[in-house]
1. Kindly establish whether residue 163 is under 25 Å from residue 59 (Cβ atoms) and small (Gly, Ala, Ser).
2. Among the residues of segment 82-118, write down those that are farther than 17 Å from residue 171 by Cα, within 10 Å of the chain's Cα centre (by Cα) and of a type in the set (Asp, Glu).
3. Which of the residues spanning segment 56-67 are crowded, with 21+ Cβ neighbours inside 10 Å, within 14 Å of the chain's Cα centre (by Cα) and more than 20 Å from residue 169 (Cβ to Cβ)?
4. All but one of (1) of a type in the set (S, T, N, Q); (2) at pLDDT 95 or above; (3) in contact with a His (Cβ under 9 Å, 6 or more places away or on another chain) hold for residue 88; state the number of the condition that does not hold.
5. Given the conditions (1) part of a helix (DSSP H, G or I); (2) at pLDDT 90 or above, which single one is not true for residue 25?
6. Being under 27 Å from residue 87 (Cβ atoms) and in contact with a helix residue (DSSP H, G or I) (Cβ under 8 Å, 6 or more places away or on another chain) is the requirement here; does residue 132 meet it?
Amino acid sequence: MARYVGPRCKLCRREGEKLFLKGERCLTDKCAMERHPYSPGEKGKKYAKESDYSKQLREKQKAKRLYGLLEKQFKGYYSLAARQKGITGENLLRLLELRLDNAVYRLGFAFSRSEARQFVKHGHFMVNGRVVNIPSYRVEPGDIITLSPQGQNVPRIKESAESSSKAQVPVWLEVDYKNFTGKVAEVPRREQIEVPIQEKLIVELYSK
C-alpha cells in the first residue's frame, strides 16, 4: 500500500506544531520544530491572509499526517464516519484512534505511529491470539493486543515499553507492560482523544 516516504519533519513545520512523527527525536533539541520553528520555504514567509478554506484544508492535512494516511484513505474514513450515527467529526476521530497501528502506539509499544505501522506490517502483534499484519485493522472493545512470537525478539518494542508510562496511556486502553499485553477497554469518547485537531473544520471542508 502506498505511503508517504518524504521528510517527516517538514510536515510538522508546515502545520506549525509538533505532530511527533519521529518519536523520541521530537523530544530532543534535534527536533526540526525547535531548530526551525517556521514553515519550510523562504523562512516560512506568508504572502496572503489565511482564508476559511485554507484553515479547513490545513486541519485536514494535519489529521492525515498525524495518523499517517494518504488522501484516498482519509476520505474513506470520513465517508464511513458520515454514515454512522452521531457527530461526524467525533466519529472520524474514533475510527482513526481504533486503527491497530494507532492502538499499538497509544499502548506505548512504539515510539511513533509510523514505527507502530511497521511493527504491525511485519507481523509483530496479535489480536485475540491471531497475528494481524494490517495497520488499518479496526480493534473493538474487549480485543486483546499482544506480542507475537516473532515480535518478542524485537528489542525496539521492549525499549519503547520500558520508556513508557501507564499515565500516558489513554483511559480507553489497558496495558500490562510486564507481559507486553494491551486491551481495548471501551470505544474512546471525544474528551478521551487527545489530539490537536479541530474536527469541525474537517467536516466543514468536506461538506462544501
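The values are calculated or read from the model by the stated rules, or taken from the named source; none is laboratory data. If you're wondering where the values come from, they're calculated on a predicted model, not measured in any experiment. Methodologically, a virtual Cβ is constructed for each residue, glycine included, from the backbone with ideal geometry; neighbour enumeration extends over all protein chains shown.
1. no
2. Across segment 82-118, the qualifying residue is only 101.
3. Selection gives 60, 62, 63.
4. Condition not satisfied by residue 88: (3).
5. For residue 25, the failing item is (2).
6. The answer is no for residue 132.
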